[in-house]
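Taking it in order: structure first as structure tokens, then the write-up.
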Amino acid sequence: MSTPFISPRPGIMDIDPYVPGEGGIKNNKGGKKDVIKLSSNEGAFGPSPKAVSALTDVAGSMNRYPDGSASQLTDAIGKRFGLDPARIVCGAGSDEILSLLAYSYAGPGDEVLYTEHGFLMYPIAAKAAGATPIAAGETDLTTDVDKLLAAVTDKTKIVFLANPNNPTGTYLGASELQRLRAGLPTNVLLVIDAAYAEFVSRDDYTPGFELVDQGNNTVMTRTFSKIFALGGIRLGWAYMPAEIADVINRVRGPFNVSSVAQAAGIATLEDTEFFNKSREHNIEWIEKTQNALRNMGIETTNSVGNFVLAQFDGENGKTAKAADKFLRNNSIIVRQMNAYGLANCLRISIGREDEMQACIDALDRFMKSEMN
Ligand SMILES: *Cc1c(COP(=O)(O)O)cnc(C)c1O
């Protein structure tokens, strides 16, 4: 006799599992071929050497549980960004914090708002919490505050906004962000996901600290996975009102951030040389890459992140799908954008100089090739 199927809560089976950026191509022996991986917006230069050595130092005490409140790490983050450590909560990646916020503040019958081409973790977290995700339209691949506000109903509990947004690379300036907060009912939680904040160099950009401070209904999330290049050990953090920190500290796992992640995070924050190098490299190559693509006839947004959104017009068979295949044949892996409703686009992360040059050269050959 077969055992009965144990049903999960309603909504769970509607979740399309998150599909991560691909890591490689199989060689004919079933192993992995060397590839240029530009599919997950990871650090271009590997981790900070200081993080590697700090992690090695704590490896010998892996048998011990970590500090459950990650107090040295929250102190280090507080010092670096000028924030009260008591209102910083760390997580196993900022994805964990986004999920904890969804579970804590939304449930069946509630709506969770995000933008049309927003980060895919938002509808996943909403559905996992039993809530209904609602996508508001964008304008020119950019968040539209009026459209977001128009989508608010009595049921809206949370608005998730990536600023800058992944995968479009566009952002809302400080005044638009303020206008969004001011236009939302006070009982709606605004979550500003500033995963790419450290890459942005625009005068009108803010990651959102002041919005968190000015009320009790805004949270800013950040990550160590992007400029700090620690995606593999899962480390993120959020700055929030004291009341919300109290809630999240109740629902999170008591040891949700591992000892090695805490050590590597602290060491990475101290490595300003690594940070500056990563930031300067990105500023240089985001511009070079976008200019090169535009010169070939591939449209791009003005990305302020560490990735480029390449838009293919599809003329003469020059589609995103064909470009992806061509790059793959040249051992270059980028990200297809179908799941984000952008089937004519590819997202290309900024890698090392040689990797970017190889990618640009391959795209140039693709655009000049005869299609049949
Ligand atoms: C990469 C990314 C994150 C970070 O996720 P982690 O769980 O911290 O690795 C969060 N939000 C957006 C928009 C991202 O692109």
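For residues that are out of contact with any Ser or Thr (no Cβ under 8 Å at 6 or more places or on another chain) and either modelled with pLDDT under 95 or more than 19 Å from S40 (Cβ to Cβ) (or both), tally how many sit in the stretch 313-337. Don't jump to the end; show me each part of the working.
Within the stretch 313-337, the subset out of contact with any Ser or Thr (no Cβ under 8 Å at 6 or more places or on another chain) is 313-325, 327-332, 336-337.
Checking which are either modelled with pLDDT under 95 or more than 19 Å from S40 (Cβ to Cβ) (or both) leaves us with 313-319, 321-322, 325, 329.
Here the count works out to 11.
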Number of the exception - A195 against (1) in a loop (DSSP other than H, G, I, E, B); (2) out of contact with any strand residue (DSSP E or B) (no Cβ under 7 Å at 6 or more places or on another chain); (3) open to solvent by less than 20 Å² (accessible area, probe 1.4 Å); (4) within 16 Å of the ligand (Cβ to nearest atom): (2)
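Output the residues belonging to the stretch 244-275 that are closer than 25 Å to M356 by Cα and open to solvent by 70 Å² or more (accessible area, probe 1.4 Å).
Filtering the stretch 244-275 for residues closer than 25 Å to M356 by Cα gives 268, 271-275.
Once the filter is applied, which keeps residues that are closer than 25 Å to M356 by Cα and open to solvent by 70 Å² or more (accessible area, probe 1.4 Å), the stretch 244-275 yields T272, E273.
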Only one of these conditions is not met by S303: (1) exposed (fewer than 15 other Cβ atoms within 10 Å of the Cβ); (2) outside any helix (DSSP H, G or I); (3) under 21 Å from the mean Cα position of the chain (by Cα). Which number is it? (1)
I'd like to check something: does the stretch 168-188 contain any residue that is in contact with a strand residue (DSSP E or B) (Cβ under 6 Å, 6 or more places away or on another chain) and within 16 Å of A92 (Cβ to Cβ)? no
Considering every residue within the stretch 1-15, establish whether at least one is among the aliphatic types (A, V, I, L, M), more than 23 Å from Y340 (Cα to Cα) and either touching a Gly at 6+ places or on another chain (Cβ under 7 Å) or in the same structural domain as R328 (by TED's automatic domain parsing) (or both). no
Answer yes if at least one residue in the stretch 207-227 is surrounded by 20 or more Cβ atoms within 10 Å (Cβ to Cβ), touching a residue at least 12 places away in the same chain (Cβ under 8 Å), in a helix (DSSP H, G or I) and out of contact with any strand residue (DSSP E or B) (no Cβ under 6 Å at 6 or more places or on another chain), and no otherwise. no
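Within the stretch 231-243, work out how many residues are open to solvent by 10 Å² or more (accessible area, probe 1.4 Å) and either away from the ligand (no atom under 15 Å from the Cβ) or out of contact with any Gly (no Cβ under 6 Å at 6 or more places or on another chain) (or both). Walk me through it before giving the result.
First, the residues of the stretch 231-243 that are open to solvent by 10 Å² or more (accessible area, probe 1.4 Å): 231-234, 242-243.
Add one more test, that the residue is either away from the ligand (no atom under 15 Å from the Cβ) or out of contact with any Gly (no Cβ under 6 Å at 6 or more places or on another chain) (or both), and what stays is 231-233, 242-243.
Residues meeting the conditions: 5.
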Which members of the stretch 82-96 meet the condition of being more than 15 Å from A242 (Cα to Cα) and within 16 Å of the ligand (Cβ to nearest atom)? G91, A92, G93, S94, D95, E96
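To keep it simple, each residue is scored yes or no on (1) more than 23 Å from L180 (Cα to Cα); (2) of a type in the set (S, T, N, Q); (3) touching a Phe, Trp or Tyr at 6+ places or on another chain (Cβ under 9 Å); (4) in the same structural domain as R222 (by TED's automatic domain parsing).
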residue: A86; (1), (2), (3), (4): yes, no, no, yes
residue: S94; (1), (2), (3), (4): no, yes, yes, yes
residue: G109; (1), (2), (3), (4): yes, no, no, yes
residue: L113; (1), (2), (3), (4): no, no, yes, yes
residue: P123; (1), (2), (3), (4): no, no, yes, yes
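This table checks each residue for (1) in a helix (DSSP H, G or I); (2) at pLDDT below 95; (3) within 16 Å of the ligand (Cβ to nearest atom).
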{"position": "I248", "(1), (2), (3)": "yes, no, yes"}
{"position": "V257", "(1), (2), (3)": "no, no, yes"}
{"position": "Q262", "(1), (2), (3)": "yes, no, yes"}
{"position": "A267", "(1), (2), (3)": "yes, no, no"}
Counting only residues that are closer than 29 Å to I348 by Cβ and open to solvent by less than 10 Å² (accessible area, probe 1.4 Å), give me the helices (runs of 4 or more DSSP H) lying completely in the stretch 70-181 with at least 2 of them. 94-105, 121-128, 145-150
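The values are calculated or read from the model by the stated rules, or taken from the named source; none is laboratory data. Values in this document were obtained by computation on a predicted structure and should not be read as measured data. Don't worry about glycine lacking a Cβ; one is built from the backbone with ideal geometry, like all the others, and counts go over all protein chains shown. Each accessible area value is taken on the protein alone, full model and side chains, heavy atoms only, with ligands, DNA and RNA left out. Shrake-Rupley method; radii C 1.70, N 1.55, O 1.52, S 1.80 Å.
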